1. Using alpha carbon centroids, what distance separates the stretch 286-360 and the stretch 206-228, in Å?
2. Which residues make up the longest stretch of the chain clear of chymotrypsin sites (Phe, Trp or Tyr not before Pro) that lie in a DSSP loop with no more than 15 other Cβ atoms within 10 Å, not counting the sites?
3. Hey, with R₀ at 41 Å, roughly what FRET efficiency would residue 206 and residue 386 work out to, going by the Cβ-Cβ distance, to 0.05?
4. Which listed residue (171, 150, 298) has the Cα farthest towards the positive end of the charge dipole for the chain, taking +1 on Lys and Arg C-beta and -1 on Asp and Glu C-beta about the Cα centre?
5. List the residues whose amide H sits under 5 Å from the amide H of residue 331, counting only those 5 or more places along or on another chain, with H placed 1.01 Å from N in the peptide plane.
6. Calculate one ³J(HN,Hα) per residue across the stretch 267-282 by plugging θ = phi - 60° into the Karplus curve 6.51 cos²θ - 1.76 cosθ + 1.60, and present them in order as whole Hz with x for glycine and proline.
7. Counting Lys and Arg as +1 and Asp and Glu as -1, each charge on the Cβ, what is the dipole of the stretch 41-198 about the Cα centre in debye, to the nearest 20?
8. So, counting K/R as plus one and D/E as minus one, what does the shell of residues with Cβ under 14 Å around residue 23 add up to?
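No value in this document is a laboratory result; all are computed from the given coordinates. Treat the numbers as computed from the prediction; the structure is a model and nothing was measured. Heads up, the Cβs are rebuilt from the backbone with ideal geometry, glycines too, and the neighbour counts pull from every protein chain shown.
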Amino acid sequence: MSDPIMSTYKRLPVHFQHGEGTWLWDTDNKRYLDALSGIAVCGLGHAHPAIKAALCQQAGELIHTSNLYGISRQEQLGENLTRISKMDKVFFSNSGAEANEAAIKIARLYGHNRDIKSPAIVVMENSFHGRTLATLSATGNRKVQAGFEPLVSGFVRVPYGDAESLQVVAQNNPNVVAVLVEPIQGEGGINIPPDDYLNQLRTICDDNQWLLMLDEIQTGMGRSGRMFAHQHNGIVPDVMTLAKGLGNGVPIGACLAQGPATEVLGAGTHGSTFGGNPLACAAASAVLEVLESEQLPARAEALGSKILADLADALEGIAGVEEIRGCGLLIGIELDRNCGELVTTALKHGLLINVTADHTIRLLPPLVMSDEQSDEMIKILSELIKQFLAVDQDN
Ligand SMILES: *Cc1c(COP(=O)(O)O)cnc(C)c1O
C-alpha cells in the first residue's frame, strides 16, 4: 500500500489506539508508559474526564462561528488566562508557531509605531520557535532553516543564557525593538539559563524600551513547576506565547500581552479563521480549571525534584552520563554521545521518551504521573541507558 502522508516525519513503528492518564495502548493492545505527553501537550494525561466532558458538551452546542462574532467561550478563557498570568490581553491562534507569528508582528508594529523603519528582534542560539517562515528564521538551528532561504530578515542572534551579550546589542543596534526567548530551551536540549537571566533581560528591556517576549509554548501550563516558567523569577513579560499544554491536545495557541504591547495590534492587523473557536476554548478552559483546582504546577515541581534525585541515584558513577538537569517536568539527561537509538529501544520496552539535540534524552511526563509510574519509568530508562553506554563502549 502506498503511503499517502508526506514524508515530513521520521515516525516510530507504532500506532496508538487509546489512552488513560499516563498509559497508552497500541493497536496490538500493548501498553506503554508515556514520559513525553505528545511533546509536552497532554499535561493532564490521556482521556481526561474533564476534557472529555467539556469537549462533548461544547461539540453538542457550538463548534465554530468565526471571529466575525462575539465568542463567549473565548472571552471566558481570555479572562482566566489574563488573570492567572497578570497579562492584559490575548490573541488566540491554533498552534505555537502561529502564536509566535503574532508576537513577531506585535514587535514589528511596536517598532514602526516608534518610527523604527527596520525593526529587529533579538533571538537566541539553539532556540526553537516553530516551522513557519518567520518562526524558522527566528529559530537558532540550521537544520530547521536549511533549504528555505531566503529567511525572514530582522532577527539578531546572541548566545543563550548570556545577558551580557544583549548589552552589547543595545549599544550597537538602534533597530532592536524586542527580545524573543524561551525561559528554558526545550528542543535545544533542556538548556536551563542562570537563575537571574530573565530578571537581567527584564532590566535590559526596560532600559532600552524593548519588549520582553517569552516563548512559553513548552514551559508554560504548569510544566516547569509554576503555571508559567517566568514566575520562578517574579517578573512579568510584555508578551508571552502559549500552545502545547494549553488544550491538552486540542489545537490552540495564545499570544498574551501587557503594558506597551497590549494595544499594538488593532482591528484588521491580524486574524485567524479558527483561532479561539468555542471548541478549542472549551478544552483550554477545562485544562486551566483542572491545573488550578488540582494544583498541578506544584505537583510538577515535587515530582520533578523526585525524578531528578532518583535519576541521579540510578545513574550514579555511570561513565557517559554528562549531566542530569531539569526544572519541574522538563528533564534532560545529557550523554557524551548521540543516543537517538534509545528512543526505539525504550519503545520496545514500553516506554515513550524523546532525544533532542542528538545527545540529550528528554522527559516531559504528564503532570498527573504517579510516584509509582515515575519509579517504573526510571527503572526501565536507567537500565536501558546503562546497557546502551556499556555496549557502545565495547564497540
Ligand atoms: C513546540 C514549540 C513551538 C512550535 O509550536 P507548534 O505548535 O509546533 O507550531 C514553538 N516554540 C517552542 C518553545 C516550542 O516548544
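1. Rounded to whole Å, the Cα centres lie 21 Å apart.
2. 149-395
3. Step by step, r from the Cβ atoms, then E = 0.25.
4. Checked the options; the winner is 150.
5. Residues meeting the criterion, in which the H sits 1.01 Å from N, are 363.
6. 4, x, 8, 7, x, 7, 5, 7, x, x, 6, x, 5, 5, 5, 5
7. 360
8. Summing Lys and Arg as +1 and Asp and Glu as -1 gives -3.
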